[in-house]
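Have a look at the structure below, then the notes.
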Ligand code: GRF
């Protein structure tokens, strides 16, 4: 039975998708805790309602990143995690923290990495004029939004799209790929070779989301 600790900062819809998949698919794992850096993160209420231990390590109470990360690591380690899942956790982590959980910490980023790391990814995608956009689940390394990619979801970008419409269409895809990636980890099926992640035995590591419009001819 593997212990999963999930870190959130806000809504927590990806966390919720993982919690529900863990229960409904009977993973060999349990959600040991959900921790937030924000006391008012709405996702904490859902986690508590499921009987999951919740905790807050409020970053505003720490004078620097290193002391916050040390307190966060202490809170995480109290739950003896096999995997740390960053699910909308909006803090930049120190290299020491990342090293502590090397190979056992995942993140979801709303772009097709390595394109568009950082914030405002949907705006970045529109400004670049890309025709395909998406989300990536990756192992966390010291470089921001970087690291071996476990699974990606892709959606079509149309001239009508806005950052909000892209976010809305992408979120259901995120809710499919993040639980999938975490399940593979707890099933011991992920192998990393030369920076590439393989699933053993293989399963699709790319989800093609719905296109924005119905193609001509479909209605005929
Ligand atoms: C998601 O879009 C995720 O990709 C990004 O922040 C958002 C978090 O949403 N990192 P939620 O808190 O999981 O609902």
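Each value in this text was obtained by applying a stated rule to the coordinates, not by laboratory testing. Quick caveat, the model's predicted, so the values are computed rather than measured. For neighbour counting, all protein chains shown are included, and Cβ atoms are generated from backbone atoms with ideal geometry for every residue, glycine included.
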| message | Going residue by residue through segment 162-183, is there one that turns out to be assigned to a loop (DSSP other than H, G, I, E, B) and out of contact with any strand residue (DSSP E or B) (no Cβ under 8 Å at 6 or more places or on another chain)? | response | yes
| task | Return a yes/no flag: does segment 124-133 have any residue that is touching a helix residue (DSSP H, G or I) at 6+ places or on another chain (Cβ under 6 Å) and either within 29 Å of residue 59 (Cα to Cα) or in a helix (DSSP H, G or I) (or both). | result | no
| message | Residues that are in contact (Cβ under 8 Å) with a residue 40 or more places away in the chain, under 17 Å from residue 92 (Cβ atoms), buried (at least 23 other Cβ atoms within 10 Å of the Cβ) and in contact with a strand residue (DSSP E or B) (Cβ under 7 Å, 6 or more places away or on another chain): does segment 144-154 have at least one? | response | yes
| Checking residue 189 against (1) under 19 Å from residue 12 (Cα atoms); (2) exposed (fewer than 15 other Cβ atoms within 10 Å of the Cβ); (3) more than 11 Å from the ligand (Cβ to nearest atom), the condition it does not meet | (1)
| query | Only one of 155, 149, 177, 108 is under 23 Å from residue 203 (Cβ atoms) and more than 16 Å from the chain's Cα centre (by Cα); which? | reply | 155
| remark: Filtering strands (runs of 3 or more DSSP E) wholly in segment 1-104 for at least 2 residues that are closer than 24 Å to residue 181 by Cα, within 16 Å of the ligand (Cβ to nearest atom) and in contact (Cβ under 8 Å) with a residue 12 or more places away in the chain gives 2-8, 29-36, 83-86
| Which of the residues spanning segment 105-135 are surrounded by 17 or more Cβ atoms within 10 Å (Cβ to Cβ), free of Cβ contacts under 8 Å to residues at least 40 places away in the same chain and near the ligand (Cβ under 10 Å from one of its atoms)? | 109, 111, 121
